[in-house]
Amino acid sequence: ETYSDASLEKSQPAKPKFDPSVSLPPVNLEIVKKRLSERITLLQDVHRAHQKEYEKYMEDMENSKLAVQELEQSSDAALNYKFYRAMKTYVENLINCLNEKLKDINELELAAHALLQQQAARVLKRRQDELKTESAYIQHLTSGSDKPANGGLGGDERTQLLEMCEHRRTCRRQVRECSGEADHHDGMSSDDELTPAEVTEFQKSKDNVLEDSRRIFEDVHGDFCDIRKILLKFQEWKEKFPDSYCDAYISFCLPKLLNPLIKVQLINWNPLEQNFTELEEMPWFRAIEEFTDAKTVSESKRDDDPDQEVLPRVTEKTILPKITAFVKSVWDPLSTSQTKNLVQLCRNIFENQLLSKNESSRAKEDLMNTVVLRMKKSVEDDVFIPLYPKRTVEDKSSLCSKFQERRFWSAVKLLSNILLWDGIVQEDIVRDLGLSKLLNRYLLLNLLNTPPGLDNIEKCNKVVACLPERWFHDLQSGSTLPELRNFCQHLLQCARTLHKNNHSDETKEVLLLLVKVKALDIVEDFTEEHKLEHLKSMI
């Protein structure tokens, strides 16, 4: 017993002795309750977190059990796999087919474009050669020299060239007389007629290209060359599996995929010729439009449909570059019919929302830059208005007078064609080309050398008729455009001369032209200066 007590004392650690000198914090019931409440709250929060986690695990388990049961009771998985595998095979075969045909398509597209380019170049060269020859011939007659101009054509060749040119003018004049066209002046025709031999050669080459284009897909099943059938395949995918369809970015891939097939349909398309086929009437356009307009039940859950961008991207990647190629090497800015067709086509594309709203169009920018460059080149190369001594042009039947008049009206026609681009090309660029570079540099010089009278008024009237009305809507303080100040000063000088010679009707007509271009200050000053109270009502 003594032994056990001793061992027990050794094994037990020594208890700390209470030191009464150490002060402990005061403890009361409120502190104890507060600490117990905090502990309970903490435990309750932990419990709730565990409870939520437990409920989530139980829900996941139930969902997994249901998924397992659905997969076990259904064969959709096998069908889905079969669809995706068939779609993968179809797309691979389609891409291989198009890659195989792409080289031939590009060659035929280039061949068709080269024919039009050669035709345009031939017409342009003939027109410039005839202009140089006629100008040199008239200069030779005016100078009274017996020697032909340096580098000029021989007598027989020159005569033949001028006779052919005059023959085409006569034929066009007869056609206009039969059609009753009155508002026309010599020089306003494009002079782009081809000889029968040239027409036959061109048509034969064109027919060969078109025949080759029809043979491109003759050994291909319709599922791989018919745009409507191709899009139906992707529409089926979209209807069955809209999520995977969107995740695969099919709407981004389709424009490039359809590009070769659309190019084939555009081989015979020329937007510069009369009665060309509108884009909306072409089979590829209608097929894409039907595809993008097709609605599925699943689409109602989506805020936007990516397939709405397929047609704008096709326009951006395929149509605009082709139009740019026409502008660069085929379009003749002196041709009013070509210019109107081109302007109408561009306006249709830009205003009818055929371009993407979400992306800045690099192709549109390239097209507009090419249009501006081509018009600049035409102003530099095609505009030539000679100045002859007054005695040589007083006779309106003389060669000098007729040639000068033709060149003036040709430049007026170019001015009209350039101003047709207002609203498509930036306004400051159109005004610089049409007014600063063409009107003030060339046309105004001829007007200043034309005696005030009916001829001068007719020319000025035609110039004013070319100007877009919207340019004058927001002008303030009665002043006209800065580029028209010199032109308005010419009109003022004409009005003074006509009034001095007691031509009241002609004076009023000139003042009306000033009113149209909003040069109201000039008109007001003129009427006050000459006491023309009855004309103030036109201001």
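From the list VAL264, VAL199, VAL209, which residue is out of contact with any Lys or Arg (no Cβ under 6 Å at 6 or more places or on another chain), within 30 Å of ARG126 (Cα to Cα) and buried (at least 18 other Cβ atoms within 10 Å of the Cβ)? Matching residue, one of VAL264, VAL199, VAL209: VAL209. For THR339, indicate whether it is outside any loop (DSSP other than H, G, I, E, B), among the β-branched types (Val, Ile, Thr) and in contact (Cβ under 8 Å) with a residue 60 or more places away in the chain. It is true that THR339 is outside any loop (DSSP other than H, G, I, E, B), among the β-branched types (Val, Ile, Thr) and in contact (Cβ under 8 Å) with a residue 60 or more places away in the chain. Whenever a residue of region 83-98 is modelled with pLDDT under 95, its partners that are part of a helix (DSSP H, G or I) and open to solvent by 70 Å² or more (accessible area, probe 1.4 Å), lying with C-beta atoms within less than 7 angstrom and at least six residues away or across chains, give the pairs PHE83/LYS240.
When PHE326 is tested against (1) at pLDDT 95 or above; (2) closer than 13 Å to LYS364 by Cβ, just one condition goes unmet, and that condition is (2).
When residues in region 402-458 are screened for being in contact with a Lys or Arg (Cβ under 7 Å, 6 or more places away or on another chain) and free of Cβ contacts under 8 Å to residues at least 12 places away in the same chain, 1 of them pass. Going through (1) in a loop (DSSP other than H, G, I, E, B); (2) open to solvent by less than 10 Å² (accessible area, probe 1.4 Å) one by one, VAL371 falls short only on (1). A residue that is open to solvent by less than 20 Å² (accessible area, probe 1.4 Å) and within 27 Å of LEU433 (Cα to Cα) occurs somewhere in region 498-511. Counting the residues of region 63-106 that are over 46 Å from the mean Cα position of the chain (by Cα), hydrophobic (A, V, I, L, M, F, W, C) and open to solvent by 50 Å² or more (accessible area, probe 1.4 Å) gives 5. Once region 247-256 is narrowed to residues that are open to solvent by 30 Å² or more (accessible area, probe 1.4 Å) and in a helix (DSSP H, G or I), the residue that is farthest from LYS322 (Cα to Cα) is ASP247.
The residues of region 467-488 that are modelled with pLDDT of 90 or more and open to solvent by less than 100 Å² (accessible area, probe 1.4 Å), listed by number, are LEU467, PRO468, TRP471, LEU481, PRO482, GLU483, LEU484, ASN486, PHE487, CYS488. The set of residues in region 212-222 being open to solvent by less than 40 Å² (accessible area, probe 1.4 Å) and either under 23 Å from ALA120 (Cα atoms) or assigned to a loop (DSSP other than H, G, I, E, B) (or both) consists of SER213, ILE216, PHE217, VAL220. Against the condition under 30 Å from LEU131 (Cβ atoms) and touching a Cys at 6+ places or on another chain (Cβ under 9 Å), how does GLU201 come out, does it pass? Taking the combined requirement at face value, the residue does not satisfy it.
The values are calculated or read from the model by the stated rules, or taken from the named source; none is laboratory data. The structure presented is a predicted model; accordingly, all values stated were derived computationally and were not measured. Quick reminder, even Gly has a Cβ in these numbers, built from the backbone with ideal geometry, and neighbours come from all protein chains shown. Keep in mind that these areas ignore ligands, DNA and RNA; they rest on the heavy atoms of the full protein, side chains included. Shrake-Rupley method; radii C 1.70, N 1.55, O 1.52, S 1.80 Å.
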